[in-house]
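Notes to accompany the following structure.
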Amino acid sequence: MKKVMLVDDEILIRENIRDCVDWEKEGFIYCGDASDGEVALPLIEQWMPDILITDIKMPFMNGLELSSIVRQQMPDIKIIILSGHDEFQYAQSALRLGVEDYCLKPVGSSDLIQLLKGVSERIDQEQRNKKKFAYTGEKLLSDLCGGLISTAQAIEAASYMSLNLTASYYSVVVFDLRFLNAIPVEDALQLQKMDIVLNDRLETVTDSFFFKRSRTETVWIFKGNHAEALREKVVESVNNIHQEMELTFQYDLPFGIGSVHERLQGIHTSYLEAEEDKNWKRLSKQNQTALWESSYDSPVGSVLLDRNRFLEFLKIGTISEAEDFIREFAADLCSMNWKTSMYGYYLLNDLSLETVRAAQQSFTTGEDPAALIEELQQSIKQISHFEDSLQYLSTLLERLWRWRSEGTDKYGDLISKVKQYISVHYNNDQLSLQDISRQIGVSPSHMSKVFSQETGQTMTEYLTGTRIRKAMELLKTTRQKTFEIAFEVGYNDQHYFSNLFKKFTGMTPMEYRRQGTPDEKVTTDKDRHGRKSYERQKA
């Protein structure tokens, strides 16, 4: 609601304007009045009105002098001049000073309200433009990766910046210079040199965008209209840059690649996958380095475990075959001295990292792989003899077979938990995918992917729909103001909420409150699931 202040030396005019308008009903706050410009100035500084209505002819300080000072010191305040029929030249001077508009005395309430609403709309438009202008391409890409912006918002912001984001498919790559050859880098100058070369190379690749997520992390977003062609382009581009950086700096550049996904909201899922992939590679590289170093100090340093064979058994083996397979597979570990050498621990850790990673890609699961790895590594530390290692491998197979055996309706419970959490916390304006995944105990990328696949909408879309439906309920059952309802359902910006509400319902909040029948844009979960079931049956 915009604050309005009036300055006029005629008390009858002040009282008439103050009393003839139902300010709150019309969406304004009447914060007060003053008898001349000199009295008004300190009050303007105190009240900071959005709109100042001032007469031209006043004693001590007239309206033109007041307008000139306000325009210089508080340029965001919009000024409306009141003038008589014989003061048109004064009004022209006022317009040259940059006031918004003027009206002739005596002014009727309907004319004044129309004028105020026009100025109010210009204020709103300026604020929207300022937000758009402040929205940089880097922030847009960052919010897309973070899942912090809806598709409609992203398209609007990209259009304003002439950034062509539109495509059928997207894939994300993450580079992180903090761990070169799996070792933390302390040389700031070297990092700076590598960062410059990396950015120069990224700029040469078409149909891609990149931004700096932190001092050492760069995120690269690819787009394309054919999934397989995009996948090949990502791999080829990353390999070329990786090889060039390795030749130039003799460092193994850490990176992670996310899967190809449809729609702009898929960028978020691909980013989470790229982060996971990067972390898996770093852990694996660190373990391989430690394994290589420990092999020099171990008399059994030549012992190796066949990962591919273990993975194959994981996919097709059975519980009844497990004991015989494990004893044969791990037979060489019997010569390991677990008390004097770390080699066996690194060997099992290396096998576990690769196996869990492969299982995650082969068997879609709700369990958090990072949590499982941490649990397995604690178990590895407890191994003290050969039989312990066999028991560990048996446990590893059992845990991953649990992933393999999950039923076809394995996601019902997960989806229910997500929806239940959103139904309770939708009014938290800081609610994020990471918050929900942490509470439910699954990885963010898995939860985002499953929710989108099973419900036919992203979690952002579902959260928005939940908030808008609650707002519709409040508009019909309470007399709360629009900004109060916006805040109650999780939006701090009333104007953004109103625009979003109209996109979903086809009405502004006030129109809905008066009419109460939205169009069909707010789709219920039942409709979505019904349509999805039909599409599956048809397929």
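State whether the stretch 327-470 is rounded, prolate or oblate according to the following rule on the C-alpha gyration tensor (a ≥ b ≥ c being the square roots of its eigenvalues): a/c under 1.5 gives rounded; otherwise a/b larger than b/c gives prolate, and the remaining case gives oblate. Prolate shape, in that a/c is at least 1.5 and a/b is the bigger ratio. Taking 0.36 nm per residue of sequence separation and removing the Cα-Cα distance, the ASN225/ASN239 pair yields an extension gain of 2.9 nm.
Ranked by the mean number of other Cβ atoms within 10 Å of their residues, highest first, the peptides 498-509, 9-20 fall in the order 498-509, 9-20. Once you have a ≥ b ≥ c as the square roots of the Cα gyration tensor eigenvalues for the stretch 379-460, tell me rounded if a/c is under 1.5, and otherwise prolate or oblate according to whether a/b is larger than b/c. It comes out prolate by the Cα gyration axes. Note on surface exposure: MET245, MET161 rank MET161, MET245 by accessible area, highest first, 1.4 Å probe.
At the residue level, ASP143 shows approximately 20 square angstrom of accessible surface with a 1.4 angstrom probe and all protein chains present.
Using a cut-off of 19 Å between Cα atoms, the listed pairs LYS57/LYS117; LYS470/LYS503; LYS419/LYS449; LYS223/LYS503; LYS25/LYS476 include LYS57/LYS117; LYS223/LYS503 as exceeding that distance.
Counting only protein chain heavy atoms and rolling a 1.4 Å probe, the accessible areas of TYR160, TYR411, TYR251 rank, largest first, as TYR160, TYR251, TYR411. Taken about its Cα centre, the stretch 316-468 carries a charge dipole of about 480 debye when Lys and Arg each add +1 at the Cβ and Asp and Glu each add -1 at the Cβ. Computed over neighbours whose Cβ is under 14 Å from that of LEU41, the net charge equals -4, Lys and Arg +1, Asp and Glu -1. Assign one of three labels to the stretch 1-82, namely rounded, prolate or oblate, based on the Cα gyration tensor with a ≥ b ≥ c the square roots of its eigenvalues; rounded applies when a/c is under 1.5, prolate when it is not and a/b is larger than b/c, and oblate otherwise. Taking the square roots of the gyration eigenvalues as a ≥ b ≥ c, the stretch 1-82 is oblate. Put simply, when 445-454, 39-48 are sorted by average Cβ atoms within 10 angstrom per residue, most first, you get 445-454, 39-48.
The values are calculated or read from the model by the stated rules, or taken from the named source; none is laboratory data. Since this is a predicted model, take the numbers as computed values, not measurements. Virtual Cβ from ideal backbone geometry, glycine too; neighbours counted across all protein chains shown. The accessibility values were calculated without ligands, DNA or RNA, using every heavy atom of the protein model including side chains. Shrake-Rupley method; radii C 1.70, N 1.55, O 1.52, S 1.80 Å.
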